[in-house]
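Below is one structure; the comments refer to it alone.
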Amino acid sequence: MSEASVEKIVVEKPLRIKFYFTIAFVAFLILGSAYFAGFNIFEVLGNLDQTLRLLKRLFIWPDWDYTSNIIGPLLETVQMAIVGSFLGAIVAFPVSLLAADNFIENKYVNTPVRLVLNIFRTIPALVLASLFVAVFGIGSFAGIVALFIFSFGLISKLTYESIESIDYGQVEAIVSLGGTKMEVLRYAIIPQILPQFMSYTLYAFEVNVRAAAVLGYVGAGGIGQTYERNLAFRLFDRVGMIIIVSFVAVLIIDFISSNIRKRLV
Amino acid sequence: MSEKIMNLPKKPQTNKFYKTLGYIVVFSLIIWAFQGLNYKGVMETASGTISGMLDGVLNPDIEYITNTTIDGLPNAVLETIAIAISGTFVSGILAIPFALLASQNIVGENVAKVGKFLITMIRTFPELILALIFISVVGPGAPAGILALGIHSIGMLGKLYSESIESMDIGVKEALESCGGNKAEVLFRAVLPQVAPEFLSYTLFRFEINMRAASTLGLVGAGGIGAPLIFAIRSRRWDRAFTIVVVLVITVTIIDFVSGKIRKKLV
């Protein structure tokens with residue numbers, strides 16, 4: 001036996017060059033962005049008293065009497081959200097079947113459908129609304145079309161992903177008994193995804209209520225239009241009231257809808 | 001021997017009444033909503049508008065796309081990305097204290113309830129309204145957009161952060177505490193190292209969302225690609241408006257793709 005039986009165990013630290021490089025790169029991205037956008041934290045902090053003054057004007061003495069003028073546009077906002085998500089869901093269902101690769105086993109159908117869905121989801125609802133205002137004129141119809149397209153994209157994507165993750169045993173059972181595609185759809189796919197599909201529709205509705213509340217800013221109807229008019233005249237007590245009322249409405253709708261969703265799935 | 005081979009369980013009938021009631025409520029809501037639909041027909045100028053938009057796809061405004069000055073499209077795209085990055089960074093930092101405040105394994109059940117409610121409030125407040133508030137404070141431009149995204153994103157990040165804190169392995173925290181570690185040591189040596197990958201992944205996910213949000217902020221004057229878009233729409237330059245939308249879709253898709261790849265590696 002040699003004398004040097006006891007060796008020192010040296011654990012070499014892994015070279016962390018890649019790690020430091022990543023940190024430096026991310027720091028560069030963040031600082032570069034802040035510089036490019038002209039963001040100056042000291043300027044922001046210096047304006048803090050102005051922020052407080054504005055918040056005071058908005059929320060300390062809101063115009064309570066203005067509430068009666070807000071209810072109408074608020075209900076219109078909810079109507080827009082309901083119609084948008086309802087129509088979106090109806091169109092989304094067949095399209096999500098086309099996008100699911102376990103129902104239509106044809107790549108040349110799935111891929112283009114998914115591509116179109118992705119494009120629809122990329123365009124923000126507000127941008128869609130401002131384009132549709134140019135086609136349909138100022139009013140809630142443009143907003144509804146924008147919300148319809150937006151919820152269609154959202155619901156389709158979530159639904160086709162659910163369809164792809166269903167339990168395939170039921171489908172195989174029906175196919176092995178000689179069932180047609182329609183029977184597979186009716187007895188294997190729909191029963192499995194219906195709760196999720198309804199839950200996604202409700203989720204789209206929640207998102208739509210929030211989106212509809214601001215669509216009016218580009219002239220697409222709802223409470224945003226009332227908001228924009230009052231802000232233009234700098235009637236901050238009314239603006240504050242609009243913010244409070246729509247905020248409470250959104251909280252209530254979110255609460256009800258998310259409770260229903262919890263029960264569904 | 002009985003004739004029945006087996007007794008099938010009775011179908012549950014108890015909730016049929018509520019189910020029917022639910023359907024009635026939902027359908028009457030939908031019918032009510034459709035009554036608000038006021039279709040006034042398309043504008044007389046609509047065909048010109050749509051052909052202008054198509055023209056924007058077929059003959060994109062090359063001069064505008066390659067214009068590297070401050071009025072060009074590349075500058076607007078970069079500004080949008082810059083707003084999204086800075087806004088996400090601000091909220092990524094600000095969300096940590098909110099998340100700790102909302103995690104019941106850190107601050108106890110009662111405080112966590114308050115923290116959770118606070119986060120829900122922030123999440124429900126529309127970012128566009130925040131942007132308008134900040135515009136009247138710091139003036140129109142990208143900084144107002146950054147602040148709006150920075151505050152609004154706390155709502156989502158705070159929720160996701162606190163969920164991952166609540167589901168972390170509590171043993172490490174207890175080990176440190178039993179050795180006499182103080183609160184700061186627990187935070188930096190037990191909590192943050194465990195949740196860091198998840199935090200980063202959520203932050204990147206929020207960055208993807210903020211990219212879309214940043215592109216709409218410009219519509220109200222808070223910087224980014226929305227500003228030239230709304231100018232193009234108001235001055236009825238449909239080809240330019242649609243060129244901007246196409247570039248926006250491509251940019252967002254690329255960023256989604258890159259960010260998604262990084263997220264897959266992280267967690």
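Estimated from helical segments only, the mean residue ellipticity of chain A at 222 nm is -25500 deg cm²/dmol, where each DSSP H run of four or more residues counts as -39500 (n - 2.57). For segment A:253-263, putting each phi into the Karplus relation 6.51 cos²θ - 1.76 cosθ + 1.60 with θ = phi - 60° gives couplings of 4, 4, 5, 4, 5, 6, 5, 5, 4, 4, 6 Hz, in residue order, rounded to whole numbers and with x for Gly and Pro. Per-residue Cβ neighbour counts within 10 Å put B:F257, A:F247 in the sequence B:F257, A:F247, beginning with the fewest. In this rough spin-label picture, where each label sits 7 Å from Cα along the Cβ direction, the A:V26-A:A173 distance is 4.8 nm.
The mean number of partner chain beta-carbon atoms within 10 angstrom of a residue's beta-carbon across peptide B:249-257 is 3.
Over the residues of chain B, the helix contribution to mean residue ellipticity at 222 nm works out to -24500 deg cm²/dmol, using -39500 (n - 2.57) for each DSSP H run of at least 4.
In sequence order, segment B:38-52 has phi-based couplings of 10, 8, 9, x, 7, 5, 5, 8, 4, 5, x, 4, 5, 5, x Hz under the Karplus curve 6.51 cos²θ - 1.76 cosθ + 1.60, θ = phi - 60°, and Gly or Pro positions carry x. Neighbour counts of other Cβ atoms within 10 Å put A:M198, B:M156, A:M241 in the fewest-to-most order A:M198, B:M156, A:M241. Taking the fewest neighbouring Cβ atoms within 10 Å as the starting point, the ordered list for B:L78, A:L115, A:L58, A:L126 is A:L115, B:L78, A:L58, A:L126. Counting Cβ atoms of other protein chains within 10 Å of each residue's Cβ and taking the mean over peptide B:122-128 gives 6. Take every pair of alpha-carbon atoms less than 8 Å apart whose residues are at least six positions apart; their mean separation over the length of chain B yields a relative contact order of 24 percent. The 3J(HN,Hα) values that the Karplus relation (6.51, -1.76, 1.60; θ = phi - 60°) gives for segment B:146-159 are, in residue order, 4, 4, 4, 5, x, 7, 4, 5, 4, x, 7, 5, x, 5 Hz. Gly and Pro appear as x. So if R0 is 35 Å, what FRET efficiency would B:V42 and A:F247 give, r being the distance between their Cβ atoms, rounded to the nearest 0.05? Efficiency at R0 = 35 Å is approximately 0.55. Net length available on complete extension from A:K107 to A:R16 is 28.5 nm, with 0.36 nm assigned per residue and the Cα-Cα distance removed.
Net charge dipole, the protein assembly as shown: roughly 760 debye, given to the nearest 20, about the Cα centre with Cβ charges of +1 for Lys and Arg and -1 for Asp and Glu. When you filter the chymotrypsin sites (Phe, Trp or Tyr not before Pro) in segment B:8-84 for DSSP loop state and at most 12 other Cβ atoms inside 10 Å of their Cβ, you are left with B:Y39. May I ask which of A:K157/B:K116; A:K107/A:K181; B:K183/B:K265; A:K262/B:K19 have a Cα-Cα span longer than 21 Å here? Among A:K157/B:K116; A:K107/A:K181; B:K183/B:K265; A:K262/B:K19, the Cα-Cα distance tops 21 Å for A:K157/B:K116; B:K183/B:K265.
With contacts taken as Cα pairs under 8 Å and at least 6 residues apart, segment A:64-264 reaches a relative contact order of 30 percent. Between B:V57 and B:L192, residue separation times 0.36 nm minus the direct Cα-Cα distance comes to 43.8 nm.
Quick note: the coordinates plus some simple rules give every number you see, no bench work behind them. Everything numeric here is computed off the predicted structure, so don't read it as measured data. Methodologically, a virtual Cβ is constructed for each residue, glycine included, from the backbone with ideal geometry; neighbour enumeration extends over all protein chains shown.
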